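Working notes, structure below.
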Amino acid sequence: MTKPLVLDLTRHLPGPLAARILGELGFPVRRLLPPQGDLVAGVAPAIYAWLNAGKDTETVDLKSPAGKERLLSLVREAQVLLESNRPGVMERLGLGPEVLRAANPRLVYVRIAGHRDPPFHETPGHDLSYLAAAGLLARFEQAWVTVQLADCTGAFWAALAALEGLSRGGGFYEVYLEEAARALAYPPLPFLDGSRVCYAIYPTRDGEVALAALEPHLWERFCRALGREEWRDAGFTPAAAPNPVYQELRSLFASRSALDWETWAQEKVLPLRALRPYTPPSSLLPWKNSP
């Protein structure tokens, strides 16, 4: 079954990522760029290429009569439109959700915005300011430096909004990036911070391994496999220098390579993996679909 067309009018990170997610799900995506293009193409060409892989792209000037007519013609054949202009911009162009959904009542119009409430609803922002406004910077500490949490979670919420709208036969959805990352802001779970010997990162002869023997039966299995059953009650002791179990584990892991330990753990059915460098995935879909 052919899936309906998605129009991607977004720039930067969250919108193009949402469109890429929909593309991975089998939706054809047509990207409509303004004449000035997308800032990301110049400052981060590799991520730009990754975000927009598989999309058809054309330049459309929505400020011109010809550009407006081009968008309206595409809207009549599409079922999803993603845009990330500040609220009010598309309305001032005469291309807001009411106008576009009048041209195609089945259209799912998804706007990615920063904030829900006045006085910030129409103000610009980016990932850092969204996390600050949501009170999440302290919760996520330095994670914001390497992962754009509001942008990325917002992309998934935008894709979900599009799917929700399709199931309802159309609609207008506004996804707020200030609120998007709150799904990750559950209270911190104890002992998942590398502070316990059963759940920590250890240096090896040539790299590092991550041990995640959190449940008692997995820690006991780990101890038996090492011939150290006397450690069975030490799983939640500190991963710190004064702890003799921790010191012995560090010495033990340092005696072999990371891949040797990973092979050993696979044979023993243990949750231990070697740390690897990141490589972008060819697909974003984390499942296998069997008919």
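The values are calculated or read from the model by the stated rules, or taken from the named source; none is laboratory data. Just so we're clear, the structure is a prediction, and the values are computed from it rather than from any experiment. Positions of Cβ are backbone-derived with ideal geometry, glycine not excepted, and every protein chain shown enters the neighbour counts. Please note that ligands, DNA and RNA were not included when accessible areas were found on the heavy atoms of the full protein model with its side chains. Shrake-Rupley method; radii C 1.70, N 1.55, O 1.52, S 1.80 Å.
Can you list the aspartates and glutamates whose alpha carbon sits under 13 Å from that of residue 268, skipping same-chain ones fewer than 8 residues off?
220, 260
Picking from 47, 73, 266, whose Cα lies most toward the positive end of the charge dipole for the chain (charges on Cβ: Lys, Arg +1; Asp, Glu -1)?
Final value for the positive-end residue is 73.
Could you pull out the trypsin sites (Lys or Arg not before Pro) across the range 183-282 that fall in loop regions by DSSP (anything but H, G, I, E, B) with no more than 16 other Cβ atoms inside 10 Å? Walk me through the numbers on the way to the answer.
Working: sites: 196, 205, 221, 224, 228, 232, 250, 256, 268, 273; in loops: 205, 228, 232, 256.
Answer in residue order: 205, 228, 232, 256.
In Å, what is the Rg of the alpha-carbon atoms in the range 52-106, and how long is Dmax?
11.4, 31
Can you list the aspartates and glutamates whose alpha carbon is less than 19 Å from that of residue 288, not counting same-chain residues fewer than 8 positions off?
Correct list for residue 288: 24.
Go through (i) 130; (ii) 170; (iii) 146 and flag the label whose value is the computed volume of the Cα convex hull per residue in Å³ for this structure.
Comparing each candidate, only (ii) matches the computed number.
In debye to the nearest 20, how big a dipole does the chain give about its Cα centre with +1 on each Lys and Arg Cβ and -1 on each Asp and Glu Cβ?
Values: 31 positive and 32 negative charges, 110 e Å.
Charge dipole of the chain: 520 debye, to the nearest 20.
Is the shape of the range 156-257 best called rounded, prolate or oblate, per the rule: a/c under 1.5 gives rounded, else a/b larger than b/c gives prolate, else oblate, with a ≥ b ≥ c the square roots of the Cα gyration tensor eigenvalues? Please list the in-between numbers first.
Working: a/c = 3.14, a/b = 3.08, b/c = 1.02.
Here the range 156-257 falls in the prolate category.
At most 15 other C-beta atoms within 10 Å and a DSSP loop state: those are the exposed GluC sites (Glu not before Pro) I care about. Give me the longest piece of the chain that has none. Provide the component values of the computation, followed by the final result.
Details: sites that count: 77, 122.
In short, 123-291.
Name the most mobile residue of 42, 15, 170, meaning the one with the largest mean-square fluctuation, in a Gaussian network model of the chain with Cα contacts below 10 Å.
42
For residue 59, what accessible surface area do you get with a 1.4 Å probe? Give it in Å², rounded to 10.
Per-residue accessible area (residue 59): approximately 100 Å².
Quick one: check the C-alpha center-to-center distance for the range 120-178 versus the range 1-66, whole angstrom.
Between the Cα centres of the range 120-178 and the range 1-66 lies a distance of 18 Å.
The chain: longest stretch without exposed chymotrypsin sites (Phe, Trp or Tyr not before Pro) (DSSP loop, at most 11 other Cβ within 10 Å), sites themselves excluded?
Numbers: sites that count: 278, 287.
By the stated rule (loop sites, at most 11 other Cβ atoms within 10 Å), 1-277.
With each label point set 7 Å from Cα along the Cα-Cβ vector, what nm distance links residue 168 and residue 53?
In this crude spin-label approximation the distance works out to 3.3 nm.
By a straight-distance test (C-alpha under 18 Å), which lysines pair with residue 3 as possible cross-link partners, with residues fewer than eight away in the same chain excluded?
Candidates past the 8-residue exclusion: 55.
Sticking with the crude label model, points 7 Å out along Cα→Cβ, report the distance from residue 252 to residue 160 in nm, one decimal please.
4.1 nm
If you fit an axis through the alpha-carbon atoms of helix 258-268 and take the longest principal axis of the Cα set of the chain, what angle between them do you get, 0 to 90°, nearest 10?
So the helix axis and the longest Cα principal axis differ by about 80 degrees.
Please name which of 130, 118, 107 has its Cα lying farthest along the dipole of the range 101-145 towards the positive end, using unit charges on Cβ (Lys, Arg +1; Asp, Glu -1) and the Cα centre as origin.
Positive-end residue among those listed: 107.
Which log10 I(q)/I(0) values does the range 53-188 give at q = 0.13, 0.16 Å⁻¹ under the Debye formula, counting every alpha carbon as one identical point scatterer?
Per q value, in the given order, log10 I(q)/I(0) is -0.62, -0.88.
Relative contact order (percent) for the range 33-156, with alpha-carbon contacts under 8 angstrom and 6 or more residues of separation? Mind dumping the intermediate values first?
Numbers: 104 pairs, mean separation 21.0, N = 124.
Relative contact order, the range 33-156: 17 percent.
Kindly provide the helix-only [θ] at 222 nm of the chain, computed as the sum of -39,500 (n - 2.57) over DSSP H runs of four or more divided by all residues, to the nearest 500 deg cm²/dmol?
Values: 13 runs with 111 residues, N = 291.
After summing the helix terms and dividing by residue count, I get -10500 deg cm²/dmol.
Relative to the longest principal axis of the C-alpha atoms of the chain, give the angle of the C-alpha long axis of helix 216-226, reported between 0 and 90° and rounded to the nearest 10°.
Approximately 50 degrees, to the nearest ten.
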